[in-house]
Amino acid sequence: MNEQKLQQIIIKAARQITPDESVPYAFEKRIMQGLRKVSEVDVLGLWSRMLWRAAFPSVMVMVLTGAWVQYSSSEQNTVEMDMPDIEYAVLVPVDLSSEENW
Amino acid sequence: MSERSDAELIREVLKGDQASFEPLVVKYQGKVFATARRYAPNPSEAEDIVQEVFLKAFTKLGSFRGESPFEHWLMRLAVRTCFDHLRAKQRKKEYSYSELNEEQAEWLEQQARAPELNTENQEAVKSLVEKILSQLSPASRMVITLLEIEDRTIKEISEITGWSLPLVKVRAFRARAEMKKLLGRIAKDKYL
């Protein structure tokens, strides 16, 4: 028997199989029960999903804030360290002249 | 009390009355079961598919625009769910090539001798058809079922599955080739 004939037989047989529309007893109750479960609000699940969604933005905010604080504090330190030097340089002539006057 | 129409029931469900969904389930569950059984002969698998179809229908009911009858929309959902089920089953590698049993081989030999279809042994025929279809890829099985067995047009298949017309044609071509190859293996078998 060739494939063509075999295919015809199989298709013909498949067409003759009538689809079974029978339904198990009280199946609609099972479906409605399933729907009720779906409709119940899963508070814990919702909360955990929200936490996961918030995780990345929170980390980004933390990193940016950290970087900003680091940058601004290092700038402030530079100014603080430079101040005595400037003060010394500016006031040296004054000090010297006052010593001479004495 | 007069029976409420599908549109009225859908409106009620969308307003929040979940109980109005039950008459829709009762009305269409038989047809959904028939579709599910075409792709899942195992009773528990068919039940799971039907349940999933109605859960999807309930959650997606808001997207039903009412342009076509609810039954068509629901059957499209059923066919697409069956396709997802076939693909999931394939991922689990539940398909494997197996030889025909004695009863199936005997029935085929009888068909080859006498072209008149012998429908006496319905169970053997059913299991033979299922055995062959289950060895096709999900897309091929879907196309062969809709095109050859249910005798639907390319356009109808495109609407049901959501595939474009050229894609349906390509898949139909591939499905026929796959079926031919599979039947070639069976034809070479010692029973035939």
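Within the range B:171-182, can one find any residue that is part of a loop (DSSP other than H, G, I, E, B) and over 13 Å from B:V79 (Cβ atoms)?
Taking the range B:171-182 first, the residues part of a loop (DSSP other than H, G, I, E, B) are none.
Within the range B:171-182 (the criterion being part of a loop (DSSP other than H, G, I, E, B) and over 13 Å from B:V79 (Cβ atoms)), the answer is no, since none of the residues qualifies.
I need the full set of residues from the range B:1-25 which are farther than 20 Å from B:L77 by Cα and touching a helix residue (DSSP H, G or I) at 6+ places or on another chain (Cβ under 6 Å), in order please.
The one that is farther than 20 Å from B:L77 by Cα and touching a helix residue (DSSP H, G or I) at 6+ places or on another chain (Cβ under 6 Å): B:E12.
Can you find, within the range B:46-92, the residue that is farthest from the other protein chains (Cβ to nearest Cβ) among those that are among the acidic types (D, E) and buried (at least 16 other Cβ atoms within 10 Å of the Cβ)?
Filtering the range B:46-92 down to residues among the acidic types (D, E) leaves B:47-48, B:52, B:67, B:71, B:84.
Now narrow it down to the ones that are buried (at least 16 other Cβ atoms within 10 Å of the Cβ): B:47, B:52.
On the way: B:E47: 7, B:E52: 9 Å.
The extreme case among them is B:E52.
Quick one: would you say A:M62 is modelled with pLDDT of 90 or more, surrounded by 10 or more Cβ atoms within 10 Å (Cβ to Cβ), more than 9 Å from every other protein chain (Cβ to nearest Cβ) and in a helix (DSSP H, G or I)?
yes
Regarding the range A:19-40, can at least one residue be identified that is more than 9 Å from chain B (Cβ to nearest Cβ), more than 20 Å from the chain's Cα centre (by Cα) and in a helix (DSSP H, G or I)? Can you show your working first?
If we filter the range A:19-40 for residues that are more than 9 Å from chain B (Cβ to nearest Cβ), which is where we start, we get A:25-26, A:33, A:37, A:40.
If we keep only those that are more than 20 Å from the chain's Cα centre (by Cα) too, we end up with A:25-26, A:33, A:37, A:40.
Now narrow it down to the ones that are in a helix (DSSP H, G or I): A:33, A:37.
Yes, there is a match, as at least one residue in the range A:19-40 is more than 9 Å from chain B (Cβ to nearest Cβ), more than 20 Å from the chain's Cα centre (by Cα) and in a helix (DSSP H, G or I).
Considering only residues of the range B:150-170 that are assigned to a helix (DSSP H, G or I) and without any contact (Cβ under 8 Å) to a residue 12 or more places away in the chain, which is nearest to the other protein chains (Cβ to nearest Cβ)? Spell out the reasoning first.
Our first condition is that a residue be assigned to a helix (DSSP H, G or I); within the range B:150-170, this holds for B:154-161, B:165-170.
Filter once more, so that each one left must be without any contact (Cβ under 8 Å) to a residue 12 or more places away in the chain: B:155-156, B:158, B:165-167, B:170.
On the way: B:K155: 20, B:E156: 16, B:S158: 21, B:L165: 23, B:P166: 24, B:L167: 22, B:V170: 19 Å.
Among residues in the range B:150-170 that are assigned to a helix (DSSP H, G or I) and without any contact (Cβ under 8 Å) to a residue 12 or more places away in the chain, the one nearest to the other protein chains (Cβ to nearest Cβ) is B:E156.
Looking at the range B:122-145, is at least one residue surrounded by fewer than 16 Cβ atoms within 10 Å (Cβ to Cβ) and either more than 18 Å from A:A14 (Cα to Cα) or over 17 Å from the mean Cα position of the chain (by Cα) (or both)?
Looking through the range B:122-145, at least one residue is surrounded by fewer than 16 Cβ atoms within 10 Å (Cβ to Cβ) and either more than 18 Å from A:A14 (Cα to Cα) or over 17 Å from the mean Cα position of the chain (by Cα) (or both).
Restricting to the range B:18-49, give me the number of residues that are closer than 18 Å to B:F70 by Cα and outside any helix (DSSP H, G or I).
Qualifying residue count, the range B:18-49: 0.
The values are calculated or read from the model by the stated rules, or taken from the named source; none is laboratory data. As the structure is a prediction and not an experimental result, all values here were calculated from the model. Reconstructed Cβ throughout: ideal geometry from the backbone, glycine too, with neighbour counts over all protein chains shown.
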